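For reference, the structure discussed in these notes is given below.
The values are calculated or read from the model by the stated rules, or taken from the named source; none is laboratory data. Just so you know, these numbers come straight off a predicted model, no measurement behind them. As a convention, Cβ positions derive from the backbone with ideal geometry for all residues, glycine included, and neighbour counts pool all protein chains shown. These accessible areas exclude ligands, DNA and RNA; they are computed on the full protein's heavy atoms, side chains included. Shrake-Rupley method; radii C 1.70, N 1.55, O 1.52, S 1.80 Å.
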Amino acid sequence: MSEKRKIFLVGNAHLDPVWLWRWQEGFAEIKATFRSALDRMAEFPEFRFTSACAAYYQWVERNEPDLFAEIRERVREGRWIVAGGQWIQPDCNTPSGEAFARHSLYSQGYFLEKFGLMAKVGYNVDSFGHNGTLPQILQKSGMKYYVFMRPNSKENKDIPGNLFWWESQDGSRVMTFRIPFSYESNDAKSADSVPSAWQKHVATLKMAEEQKIDFMSFFGVGNHGGGPTIATLHMLREMNHEFGENTFMHSSPNGYFEEMSRVKPEIPVVKGDLQHHASGCYSAHSGIKRLNRKSEHSLATAEKFSSVAHILFGLDYQKERLTKAWQNVLFNQFHDIMGGCSIQEACEDAVEFYGEALAIAADTLNSAVQKISWSIDTMGDDVISLSKEKDWKTWETGDRGVPLVIFNPLSWEVKMPVQVNMLCKGVSDDQGNGLDIQAVRSSQTNGKDKWDTLFAGTIPAMGYRVYWVFKDKEMTNFIPGGGLIVKAVSLSQGELTEKEDALSRGMLTADGMGMENDWVRLEMDDQTGCISRLFDKTNQVDVLRGQGAVPIVMDETDSDTWAHGIFSFRNEIGRFDRAFLKWIERGPLRAKLRVTSRYGDSLMQQDFILYRDRPDVEVKVKLDWREKHKMLKLSFPVNVNNPKSTYEIPFGFIERPVSGTEEHGHQWIDVSGHHDGLGYDPASDAGEAAHGSLDQDGSRKGSEYGLSLLNTAKYSYDVKDNDMRMTLVRSP
């Protein structure tokens, strides 16, 4: 006779603070739902209520302190269970690793302060997929368990059973349960396709018996809140009378996982992501996603330099303001906001929250770098005073120059273009060495003043460097508006010859429809506006197999916002064409070719940029998108065989199949594989190790090679064989 199985009943109320309503309505619904749950506790002594999301508790604490006091009492009794040590139930793909850490930091800290405990169970029952590094983040945040519902068993059939160990790349594990059917239920016994609470609990019991393990079954009116009703609780008493007292037990995720940890069942291990559900949400609503990326980076940068300014110079650290800014960002990472599947008014509210966060970040960062830069001694022995007699903008005294402090928040040294918002004759580094400069078009115009000055700066890791800008003193033989390579003047070495100059600084040429530096040659097709050739000079390799950066339009007529049931977007119906190419810059430091192309009523402008001192190709894109039920992708066919694709995910990376499935990724994606044509010098000792070995007959063995695509604001890609595509926008 098989062992009798138990069902741990989890009373809850899934609460979307934003979805088909704005946050103000969600605020009111949370209060009403919490009130209802407390009332049910008074009427049904056996009832337990589970609720996640620190943001909801903070709303109630600030707005209804008496209600919050009742909740605290029920928490002390053990009948109100705090779960989900995150600010809300976030989209579990798009937030950065740092954002996930902040979810735990602020939420677990809040729960500890207000209730004297931290959540034990990660709780994201409605999120649209779960990135593969979450087990490590959960473990480090005090959560040993995890509960989710999406993807369901039809969307991901590879998950063996409902209870399993979920393991991240570092080996961290959390015991994880996938909710069967739904986190909510109806009261009535119904015969339609939506099971009633009774039917669902009975079906869950059958699953438990089949898998030979106890299950959880969730109940309560959800999405717009509500929670368990009087009718449901009476029905559960009836079920216990029919099936036996210990079959359906009021409990919580905490109680279930503690029991499973005690009995130690043999359960499988699942590694990597838990995908896919609603893959259209990886790219829906570009504006929200762009603001999310910008806010995450801006706040992290502001905190870094604010910490330095506080420790070194005593500047007041704006902890409360920065915490508020982060909480705005975390709230906006709620899955229906971050996924782009809320009503327009709710998205407009999200933009306001991002605006406040970005304003706080900008204010605190400016205060910090002002404090640090003013603490640097840039006066020199011969500078007696500052004056605006020479220039209304710069305070330059004589021809002594004006200090320009450039900061780097990254943990590695960077060589980056620096654009000074004035036209000047010279720039030198902190050692007095003259630098090459280039006049570039400013973003603003004031009378005849429409030029900026560009130079290449090398900034140390997590630090700053002082450069000197001279309005009238020439530190290089400067050619206004750009031109050919110019001779440099170094204060330590004197004037360099043309030959010495070219050898020391590398080269940059721009002619016809192509541009070239020491690393790459980039050529454009003047008809399509696509890359016709990208040649890697170091390895003597054509990087692309066919045209690159090809704007391809996909049909999405049959898709909803989430793209439910759709996991690949490759129904091509057109491409941008009618290209117009124009040189914007052809200077000694930077070349910029503007490509404007069209599809239907939409227009795309791409600036392809090559720097003299950098091996990467930069592309800045502006898109006026006027299509309905369509998606736009950029295609890059990488010139490799046996390709593999690797994506950045929060605090990590993951390799995924090259099957054409739409996948979530962060700031970069890489496609690498076997390349037969890597050039190398056979006489070089390092040649064989660096570029592949030889077969016995002396022929080349293939070597690993690839292309990486980096971006500032996108999260959705697909790779089919060697064709790497980034999703730019969709309008479902």
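Residues in the stretch 590-638 that are within 21 Å of Pro732 (Cβ to Cβ) and not hydrophobic (A, V, I, L, M, F, W, C): Tyr599, Gly600, Asp601, Ser602, Asp624, Arg626, Glu627, Lys628, His629, Lys630, Lys633, Ser635. Find all pairs meeting these conditions: Cβ atoms under 8 angstrom apart; at least six residues apart or on different chains; first residue within the stretch 61-75 and of a type in the set (Val, Ile, Thr); second residue assigned to a helix (DSSP H, G or I) and open to solvent by less than 50 Å² (accessible area, probe 1.4 Å). As it stands, the answer is Ile71/Phe34; Ile71/Leu38; Ile71/Tyr57; Ile71/Val60; Val75/Phe115, since those pairs meet every condition given. Filtering the stretch 52-68 to residues that are under 24 Å from Phe257 (Cβ atoms) and either open to solvent by 10 Å² or more (accessible area, probe 1.4 Å) or not small (Gly, Ala, Ser) (or both) leaves Cys53, Tyr56, Tyr57.
Every residue, every condition in (1) among the polar types (S, T, N, Q); (2) open to solvent by less than 20 Å² (accessible area, probe 1.4 Å); (3) more than 22 Å from Asn711 (Cβ to Cβ), yes or no:
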| position | (1), (2), (3) |
| --- | --- |
| Val553 | no, yes, no |
| Asp558 | no, no, yes |
| Ile573 | no, no, yes |
| Arg578 | no, no, yes |
| Phe636 | no, no, no |
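Residue selection: Lys304 fails the criterion of being buried (at least 19 other Cβ atoms within 10 Å of the Cβ), assigned to a helix (DSSP H, G or I) and of a type in the set (D, E, K, R).
Exactly one residue among Val543, Val619, Val550 is of a type in the set (Val, Ile, Thr), in contact with a Cys (Cβ under 6 Å, 6 or more places away or on another chain) and within 14 Å of Ser635 (Cβ to Cβ), and that residue is Val550. Would you mind stating whether Gln58 is touching a residue at least 12 places away in the same chain (Cβ under 8 Å) and within 17 Å of the chain's Cα centre (by Cα)? When the stated conditions are applied, Gln58 does not pass them. If the condition is being surrounded by 12 or more Cβ atoms within 10 Å (Cβ to Cβ) and either of a type in the set (Val, Ile, Thr) or in a strand (DSSP E or B) (or both), then the stretch 248-268 contributes Phe248, Met249, His250, Ser251, Ile267. Please enumerate the residues belonging to the stretch 407-460 that are among the charged types (D, E, K, R) and within 25 Å of Trp374 (Cβ to Cβ). Scanning the stretch 407-460 gives Glu413, Asp429, Asp430, Asp452. The residues on offer are Gly673, Gly665, and the sole one that is open to solvent by less than 30 Å² (accessible area, probe 1.4 Å), modelled with pLDDT of 95 or more and in contact with a Gly (Cβ under 9 Å, 6 or more places away or on another chain) is Gly673. Among the residues of the stretch 458-481, is any under 21 Å from Leu610 (Cβ atoms), at pLDDT below 95, of a type in the set (A, V, I, L, M, F, W, C) and open to solvent by 60 Å² or more (accessible area, probe 1.4 Å)? Yes: the stretch 458-481 contains one or more residues that are under 21 Å from Leu610 (Cβ atoms), at pLDDT below 95, of a type in the set (A, V, I, L, M, F, W, C) and open to solvent by 60 Å² or more (accessible area, probe 1.4 Å).
When we screen Lys630, Lys644 for residues that are surrounded by fewer than 19 Cβ atoms within 10 Å (Cβ to Cβ) and under 24 Å from the mean Cα position of the chain (by Cα), the only hit is Lys644.
Screening the stretch 536-598 for strands (runs of 3 or more DSSP E) wholly inside it with 2 or more residues that are free of Cβ contacts under 8 Å to residues at least 40 places away in the same chain returns the ranges 572-575, 577-586. In this structure, Arg74 does satisfy being assigned to a helix (DSSP H, G or I) and open to solvent by 40 Å² or more (accessible area, probe 1.4 Å). Is at least one residue of the stretch 292-315 under 25 Å from Phe128 (Cβ atoms) and in contact with a Cys (Cβ under 7 Å, 6 or more places away or on another chain)? Within the stretch 292-315, none of the residues are under 25 Å from Phe128 (Cβ atoms) and in contact with a Cys (Cβ under 7 Å, 6 or more places away or on another chain). Scanning the stretch 309-324 for residues that are out of contact with any Asp or Glu (no Cβ under 7 Å at 6 or more places or on another chain), of a type in the set (A, V, I, L, M), within 12 Å of Thr364 (Cα to Cα) and assigned to a helix (DSSP H, G or I) gives a single hit, Ala309. Picking from residues in the stretch 700-731 that are under 19 Å from Gly673 (Cβ atoms) and among the small types (Gly, Ala, Ser), the one that is modelled with the lowest pLDDT is Gly702.
Taking the numbered list (1) under 15 Å from Gly463 (Cβ atoms); (2) without any contact (Cβ under 8 Å) to a residue 12 or more places away in the chain in turn, Ser387 passes all entries but (1). Answer yes or no as to whether Gly529 is in a loop (DSSP other than H, G, I, E, B), in contact with a strand residue (DSSP E or B) (Cβ under 6 Å, 6 or more places away or on another chain), within 22 Å of Glu704 (Cβ to Cβ) and in contact (Cβ under 8 Å) with a residue 12 or more places away in the chain. Considered against the rule, which asks whether it is in a loop (DSSP other than H, G, I, E, B), in contact with a strand residue (DSSP E or B) (Cβ under 6 Å, 6 or more places away or on another chain), within 22 Å of Glu704 (Cβ to Cβ) and in contact (Cβ under 8 Å) with a residue 12 or more places away in the chain, Gly529 comes out as no.
Answer yes or no as to whether Met524 is open to solvent by less than 70 Å² (accessible area, probe 1.4 Å), touching a Leu at 6+ places or on another chain (Cβ under 7 Å) and either modelled with pLDDT of 95 or more or not polar (S, T, N, Q) (or both). Criteria met by Met524.
Within the stretch 213-247, restricting attention to residues that are under 28 Å from Gln24 (Cα atoms) and of a type in the set (A, V, I, L, M), the residue that is surrounded by the most Cβ atoms within 10 Å (Cβ to Cβ) is Val221. Pull up the stretch 446-457, narrow it to residues that are in a strand (DSSP E or B) and open to solvent by less than 70 Å² (accessible area, probe 1.4 Å), then point me to the one that is modelled with the lowest pLDDT. Among those that are in a strand (DSSP E or B) and open to solvent by less than 70 Å² (accessible area, probe 1.4 Å), it is Asp449. For the stretch 373-413, the tally of residues that are modelled with pLDDT of 95 or more and touching a strand residue (DSSP E or B) at 6+ places or on another chain (Cβ under 7 Å) stands at 7. In the stretch 328-429, counting only strands (runs of 3 or more DSSP E) that sit wholly within it, the ones holding 2 or more residues that are open to solvent by 20 Å² or more (accessible area, probe 1.4 Å) span 402-408, 414-420.
Any residue in the stretch 117-130 that is surrounded by fewer than 18 Cβ atoms within 10 Å (Cβ to Cβ) and either hydrophobic (A, V, I, L, M, F, W, C) or not in a strand (DSSP E or B) (or both)? The answer is yes, given that some residue of the stretch 117-130 is surrounded by fewer than 18 Cβ atoms within 10 Å (Cβ to Cβ) and either hydrophobic (A, V, I, L, M, F, W, C) or not in a strand (DSSP E or B) (or both). Residues in the stretch 139-160 that are of a type in the set (S, T, N, Q) and open to solvent by 70 Å² or more (accessible area, probe 1.4 Å) were compared, and the one that is nearest to Tyr106 (Cα to Cα) is Gln139.
Condition test on Ser443, is it assigned to a loop (DSSP other than H, G, I, E, B), among the small types (Gly, Ala, Ser) and open to solvent by 20 Å² or more (accessible area, probe 1.4 Å)? Criteria not met by Ser443.
Name the residue that is farthest from the chain's Cα centre (by Cα), counting only residues in the stretch 1-23 that are under 15 Å from Asn223 (Cα atoms) and either without any contact (Cβ under 8 Å) to a residue 12 or more places away in the chain or not in a loop (DSSP other than H, G, I, E, B) (or both). Checking each candidate, the answer is Gly11.
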